[in-house]
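Please treat every number below as a calculation from the coordinates, not as lab data. The structure displayed is predicted, hence computed values, not measured ones. Here the Cβ is made from the backbone with ideal geometry for all residues, glycine too, and neighbour counts use every protein chain on show.
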């Protein structure tokens, strides 16, 4: 085993950290308070390739296909501010869907739009619905074919970049009686198309710099060629449910690394505070109650990172997740982020509870990592089924 990062990995990690330190952190409190979308920061990140470095060169990306490198970047950006990090990387999920499901023609058509360094375009992925969260097989959004078009009807809920994105990947049911088997994905590449609109923009507990909204479709007509993965019988056809599973499987380690970034930010701040705060004649870091809490924080963060890097390494080597390794990383890192930020507040005491100090924000940001892209309970279900199936 070799845990040493390559020179290229260290360089892009440093680039991401410096960007987070200089561009993200100084404005994190402002965007958390106002809930505005941080267009200025997103455009700067896009210009230097932090949004597209992992896309293939043939489509205009940076060509860095090592998943561990992506994990390094995700951690650093979330260390700066999780909400702004989501805004910066929000297009990765729809791009992952296009990469996992798209035909060669579809990849050539839509990925370069997301990669143009001089024209920042963003994407959104619509899977969740008001009545279909963890149980995505109960999707109510429908798609029916009419000649050379599909007609989409339904509402998507909690969509990152929903309604403001230039490209929306939307999952809909062609036949609800088939459950997952009747689901397909479609690309809406015109947010001004008739019948397509943004519903309520959500006001959130945390990650408030990211845009989260409903997407409403009322008889939205899109060309047949916008069915992601093509039609059954096509040479490159990919069923919608398989594409969705691949997409989520590949993105869960990235969600884990963002959770680690939040935990690390809180731990580092609490450690610095504990070294300076004097109580009973000495820094509180020298009091065992605080020292042991910091030791546990550091240990949990390292353990979460190792689980996450393992999942990234497995993806890079093409090793199948047989024991829910991606879910393990996401589950553990989300729990670590929540526990670490709460411990950081406790170490700061009353100061940790007020907005003048950043730890209360990090706790609010951390909570969503136990919920989105599969709740902690769903991750445990995935892991338990995997170990039951493979018996180890």
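The set of residues in the range 222-243 that are closer than 18 Å to residue 168 by Cβ and in a helix (DSSP H, G or I) comprises 224, 225, 226, 240, 243.
Annotation: of all residues in the range 119-128 being in a loop (DSSP other than H, G, I, E, B) and free of Cβ contacts under 8 Å to residues at least 60 places away in the same chain, the one that is farthest from residue 42 (Cα to Cα) is 128.
Would you check if residue 321 is touching a residue at least 60 places away in the same chain (Cβ under 8 Å) and touching a helix residue (DSSP H, G or I) at 6+ places or on another chain (Cβ under 6 Å)? No: the conditions fail for residue 321. For the range 146-181, taking the residues that are without any contact (Cβ under 8 Å) to a residue 40 or more places away in the chain and not in a loop (DSSP other than H, G, I, E, B), the one that is nearest to residue 33 (Cα to Cα) is identified as 172.
Here's the yes/no breakdown for (1) surrounded by fewer than 20 Cβ atoms within 10 Å (Cβ to Cβ); (2) closer than 30 Å to residue 30 by Cβ; (3) touching a strand residue (DSSP E or B) at 6+ places or on another chain (Cβ under 6 Å):
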residue: 197; (1), (2), (3): yes, yes, yes
residue: 202; (1), (2), (3): yes, yes, yes
residue: 207; (1), (2), (3): no, yes, no
residue: 214; (1), (2), (3): no, yes, yes
residue: 229; (1), (2), (3): no, no, no
residue: 233; (1), (2), (3): yes, no, no
residue: 236; (1), (2), (3): yes, no, no
residue: 239; (1), (2), (3): yes, no, no
residue: 242; (1), (2), (3): yes, no, no
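The criterion of at least 2 residues that are within 18 Å of residue 316 (Cα to Cα) and in contact with a helix residue (DSSP H, G or I) (Cβ under 8 Å, 6 or more places away or on another chain) is met by the following helices (runs of 4 or more DSSP H) wholly inside the range 1-116: 7-19, 67-80, 92-101. Taken together, the criteria exclude residue 36 from residues that are surrounded by 19 or more Cβ atoms within 10 Å (Cβ to Cβ) and under 20 Å from the mean Cα position of the chain (by Cα). Checked against the criterion of being out of contact with any strand residue (DSSP E or B) (no Cβ under 8 Å at 6 or more places or on another chain) and closer than 27 Å to residue 109 by Cβ, the candidates 147, 162 yield just one match: 147. Restricting 124, 85 to residues that are more than 20 Å from residue 236 (Cα to Cα), in contact with a strand residue (DSSP E or B) (Cβ under 9 Å, 6 or more places away or on another chain) and surrounded by 16 or more Cβ atoms within 10 Å (Cβ to Cβ) narrows the list to 124. Of the residues making up the range 273-299, those that are under 28 Å from residue 69 (Cβ atoms) and free of Cβ contacts under 8 Å to residues at least 24 places away in the same chain number 1.
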